[in-house]
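Notes to accompany the following structure.
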Amino acid sequence: MLKRIIFIVIAIALKNNSYSQPYGLIKPIQLEMGNTTINLQDLVMDVNTIDSVQAASTLRCNLSKDKKTLNLFSVSNKLPEISELKIWIKGQHYSCLLLKSKKENKVVQITDTAQKFKSVKMAGDFNGWNPIKNEFKFNKGRWISVLQLNPGSYAYQLVIDGKWTLDRTNKDSVPNGSGGYNSLMKIGKPAQFFPHITPTSTDGTKITVVVDKQKIDSCIVLWENTILDTNLVKRKGKIITINIPEAASKQKKSTIRVYAWNRLAMANDLLIPIASGKVQLQIDRTDFQNMIMYFALVDRFNNGNSSNDAPIKDKDIAKAANYQGGDLAGITAKIKDGYFDRLGINTIWVSPIVQNPEIGYVEYPEPHRKYSGYHGYWPISSTKIDHRFGTDAEMKELVKEAHLRGMRVLIDFVSNHIHEEHPIYKNHKDWTTPIDLPDGKKNIRIWDEHRLTTWFDTFLPDLDYTKPQVINAITDSAVWWIKTYDLDGFRHDATKHVSEVFWRELTRKLKQNIEIPTGKKLYQIGETFGTRELIGSYVNNGEQDAQFDFNTYFDARNTFSDSTTSFKSLAQSVNYSFLYYGSHHLMGNISGNHDLARFISYASGAMSFTDDDRKTAWTKNIKVENPIGYKRLLQLQAFNMTIPGIPIIYYADEYGMPGAGDPDNRRFMQFDGLSINEKNTLETTQKIAAIRRKSLAMNYGETNFLLTTDKEMAIARTYFKDVAITLFNKNNKPKLIEVILPQEYSGTELQSNFGNEITRQGVRINIMLPPNSFEILTVK
């Protein structure tokens with residue numbers, strides 16, 4: 001009895017201690033131009049324990065009375081690339097790194113000497129396609145607008161007297177995915193990381209980092225959330241030596257992070273996991289970096305229990321838009337027979353399984369087709385499992401079988417809206433936003449102008465998260481799912497359409513109720529289409545761990561499926577993601593998803609980027625038109641497995657299922673009867689995943705583009721002595737790829753994994769790659 005009391009007292013003490021210090025690693029915060037507001041509850045569970053805060057002399061701090069927010073004001077233009085915000089708690093300080101704003105002023109001008117126009121506005125990636133946010137002012141024959149933008153490329157259109165049009169003064173444009181084009185604006189210099197830092201050696205407790213390409217002016221080394229003293233970090237020329245602090249030996253898991261910069265640019269950052277005081281030189285399967293995720297759309301994956309088949313009997317609902325029999329038992333069957341193990345999957349994302357309506361509904365936009373809720377995104381319950389997918393016991397069995405094999409299970413959680421049959425709407429219509437706007441318009445699918453209030457359809461009321469009772473009810477439901485089924489996290493639907501107040505409260509409850517008491521780390525990934533700045537605004541300690549990196553996916557899709565798109569633009573895209581999310585981010589690198597036409601449809605020439613993919617889904621029989629599509633798909637899979645982030649395979653992309661937009665991209669999964677090309681694609685995807693699963697470099701390593709031309713690319717990942725280099729050739733003929741390795745690779749012996757012969761002289765390697773192919777080199 002006494003032992004039990006002591007255990008409870010210790011547990012309470014540990015829990016209270018977790019509330020009075022940062023929980024998890026504090027991510028660096030990007031400063032704005034002028035004024036930046038920091039939500040301190042993102043960093044510390046109990047802000048009342050904060051004694052004070054302290055920033056660089058070039059920043060003025062204003063801490064609110066309730067200590068929940070901190071306003072930082074820039075008082076000098078001499079702010080360094082990285083500075084420290086100290087948070088003092090009970091006499092100890094914790095470090096939050098502040099990154100200097102990289103935004104630039106962009107002046108856009110439209111000539112109109114006779115002032116024929118009444119109004120000029122601009123809508124684009126940078127303002128959520130909401131023209132109200134960027135109205136031009138007329139001055140001396142010109143309409144002028146000044147934008148503050150981070151470096152990058154932005155699609156946009158002008159809105160002149162209410163008419164949307166391309167910018168005729170700008171020749172650059174990109175397809176908009178709906179049969180038209182947008183103008184393209186490029187801001188700032190190309191993203192790059194010079195200098196570059198690489199971890200090269202360790203004796204366990206000492207780390208050596210080499211600086212390449214340019215010298216650095218300064219560096220910061222963090223152990224957990226504290227900057228290491230100068231006696232533990234030494235710089236001499238291009239060598240940084242880091243001694244792991246003694247305190248690390250008392251923790252089973254901790255982390256070293258390294259940041260460096262000079263007056264011109266930031267270097268890449270390093271993340272080095274520490275196990276009981278020594279550098280971790282084995283892959284820890286519990287680390288998020290080790291995840292390889294699979295998105296299983298339940299109704300279309302596998303029918304494991306035909307007794308629950310119940311398509312809606314309605315002649316107006318086409319088969320493609322109706323229930324087809326996939327269920328939870330079907331996923332469990334594939335877990336048991338080793339399908340996911342063979343594919344290298346250790347995390348399964350399951351589409352929503354809550355009860356959906358028993359009848360079909362007509363979609364609001366033309367041509368007003370009728371659908372069922374087979375996809376799961378029309379919830380009429382917050383807790384009940386749809387009987388067409390299975391039972392409570394079957395869901396628990398799925399999770400149990402996955403956990404026995406070391407797999408995580410994430411559930412798709414819908415928080416933006418409910419269906420009109422949901423009890424919440426029937427009993428609390430005031431908990432939803434109005435469907436009628438003041439001007440008489442219906443607030444339906446006005447995605448950007450009314451981002452937080454728009455309904456997805458006439459029968460899908462949008463939840464009003466300005467009301468605390470709504471936030472409390474839905475966050476409680478989310479916590480219930482994790483606790484009831486022992487889930488490992490969420491995929492969050494329509495993140496940008498839900499208030500950040502909701503995300504913060506949800507993450508706070510998950511920490512309070514699950515993560516801190518049990519020590520279990522939950523992974524939350526969200527869906528947001530938009531700029532990296534918008535996407536990244538949801539990725540922080542107080543909200544989500546990650547989002548899908550749609551920007552990199554779209555650039556990868558264009559690059560690998562189109563022979564004329566240069567690898568240089570793709571390398572730029574990856575570097576932009578590093579600038580926004582960090583060099584070791586946990587963003588999702590997707591092969592596709594249920595809202596987009598299948599990659600192989602573009603890669604094989606069956607579809608063009610100017611096609612309307614939703615219309616094509618109903619008007620054409622999309623198939624793989626050219627076998628080159630399979631080769632291009634494998635290049636995409638190799639790319640996703642190579643770069644930092646979490647590789648995510650959309651079901652059936654492992655073998656190359658074709659399809660246009662929704663619902664054609666949701667055909668029923670095939671396990672048997674695959675063609676020779678499909679079998680080869682599946683087996684090669686399995687092999688790529690197996691290489692990543694075993695590679696320290698691909699899990700924790702820094703990233704270096706060794707070669708980028710229009711049609712060849714080489715990406716190196718390095719983690720001390722472990723190296724992985726992925727090479728691509730998208731020429732339509734064999735190509736001898738020549739790569740110059742960094743000096744630190746001089747003693748490293750490399751081997752190919754896909755049968756291509758390597759010749760090497762010192763730090764120069766040559767490898768002949770077949771047309772439209774790739775190779776992965778690893779240490780012998």
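The values are calculated or read from the model by the stated rules, or taken from the named source; none is laboratory data. As the structure is a computational prediction, the values presented were derived from the model and not from experiment. FYI the Cβ positions are ideal-geometry reconstructions off the backbone, even for glycines, and counts take in every protein chain you see. Please note that ligands, DNA and RNA were not included when accessible areas were found on the heavy atoms of the full protein model with its side chains. Shrake-Rupley method; radii C 1.70, N 1.55, O 1.52, S 1.80 Å.
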### Query
Share of Cα-Cα pairs in the stretch 708-780 beyond 20 Å, in percent?
23 percent
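May I ask for the equivalent-ellipsoid semi-axes of the chain, computed as the square root of five times each C-alpha gyration tensor eigenvalue and listed largest first in whole Å?
Working: eigenvalues 275, 214, 205 Å².
After scaling each eigenvalue by five and taking roots: 37, 33, 32 Å.
Among DSSP bridges having both ends in the stretch 283-417, what percentage is antiparallel? Round to the nearest 5.
Working: 3 of 12 bridges.
Here the antiparallel bridges make up roughly 25 percent for the stretch 283-417.
If you roll a 1.4 Å probe over the chain with all protein chains in place, what percent of the accessible area is carbon or sulfur? It would help to have the intermediate numbers written out before the result.
Working: 16270 of 32480 Å².
So the carbon and sulfur contribution to the accessible surface is 50 percent.
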### Message
I'd like to know which of Ile197, His417, Phe578 lies farthest towards the positive end of the charge dipole of the chain, counting +1 on Cβ of Lys and Arg and -1 on Cβ of Asp and Glu.
### Response
Ile197
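For the stretch 172-266, compute the orientation-averaged projected area of the C-alpha convex hull (one quarter of its surface), in nm².
On the way: hull surface 40.0 nm².
Computing the convex hull of the Cα atoms and averaging its projections yields 10.0 nm².
Find the accessible area per residue for the chain; the probe is 1.4 Å, ligands and nucleic acids are left out, and the unit is Å².
Values: 32480 Å² over 780 residues.
Per residue, the chain has 42 Å² of solvent-accessible surface.
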### Largest-first principal axis extents, alpha carbons of the stretch 538-670, Å
45, 31, 26
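At a 1.4 Å probe radius, which order do Trp480, Trp455 fall into by accessible area, largest first? Please list the in-between numbers first.
Details: Trp480 90, Trp455 10 Å².
These residues rank, largest area first, as Trp480, Trp455.
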#### Entry: Mean residue ellipticity (222 nm) of the chain, computed from DSSP H runs ≥ 4 via -39,500 (n - 2.57), nearest 500
-6500 deg cm²/dmol
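Pairs of alpha-carbon atoms within less than 8 angstrom and 6+ residues apart define the contacts here; what relative contact order does the chain have, in percent?
Working: 1685 pairs, mean separation 70.5, N = 780.
So the answer I get is 9 percent.
Quick one: if the Förster radius is 60 Å, what FRET efficiency do Asn626 and Lys65 give, using the C-beta to C-beta distance and rounding to 0.05?
Numbers: r = 65 Å, r/R0 = 1.09.
E(calc), rounded to 0.05, equals 0.35.
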#### Entry: Lys, Arg +1 and Asp, Glu -1 on Cβ, resulting dipole of the stretch 278-427 about Cα centre, debye, nearest 20
360 debye
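Using unit Cβ charges (K, R positive; D, E negative) and no other charged atoms, how large, in debye to the nearest 20, is the dipole of the stretch 167-263 about its Cα centre?
Computed charge dipole of the stretch 167-263: roughly 200 debye.
Where nothing but the Cβ of Lys and Arg (+1) and of Asp and Glu (-1) is charged, how large is the charge dipole of the chain around its Cα centre, in debye to the nearest 20?
1940 debye
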### Summary
Ranking Ser218, Phe671, Leu281 by how far each Cα lies towards the positive end of the charge dipole of the chain (+1 on Lys and Arg Cβ, -1 on Asp and Glu Cβ), the top one is Ser218
### Query
Just going by the charge dipole of the chain, with Lys and Arg at +1 and Asp and Glu at -1 on Cβ, which of Leu534, Thr703, Ser83 is farthest out on the positive end?
Ser83
### Query
In the stretch 220-259, if every C-alpha pair distance is counted and binned at 10 Å from zero, what percent goes to each bin?
28, 57, 14, 1
### Task
Could you please state, rounded to a whole Å, how far the C-alpha centre of the stretch 725-780 is from the C-alpha centre of the stretch 171-234?
24 Å
### Task
With a length cut of 24 Å (Cα positions projected on each helix's long axis) and a Kyte-Doolittle mean of at least 0.0, go through the chain and give me the DSSP H helices that pass.
2-19, 468-485
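By its C-alpha gyration tensor, with a ≥ b ≥ c as the square roots of the eigenvalues, how is the stretch 386-451 shaped: rounded for a/c under 1.5, else prolate for a/b larger than b/c, else oblate? Present the calculation step by step, with values, prior to reporting the outcome.
Values: a/c = 4.31, a/b = 2.34, b/c = 1.85.
Prolate, because a/c is 1.5 or more and a/b exceeds b/c.
Tell me, what is the FRET efficiency for Asp341 and Asp203 to the nearest 0.05, using R0 = 30 angstrom and their Cβ-Cβ distance as r? Before the final figure, lay out each step's value.
Numbers: r = 36 Å, r/R0 = 1.19.
So the FRET efficiency works out to roughly 0.25.
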### Summary
From the Cα centre of the stretch 398-461 to that of the stretch 324-350, the distance in Å is 27 Å
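Relative contact order of the stretch 483-602: what whole-number percent is it, with Cα pairs under 8 angstrom and at least 6 residues apart? If you can, show how the numbers build up before the last one.
Working: 134 pairs, mean separation 28.2, N = 120.
Relative CO of the stretch 483-602 lands at 23 percent.
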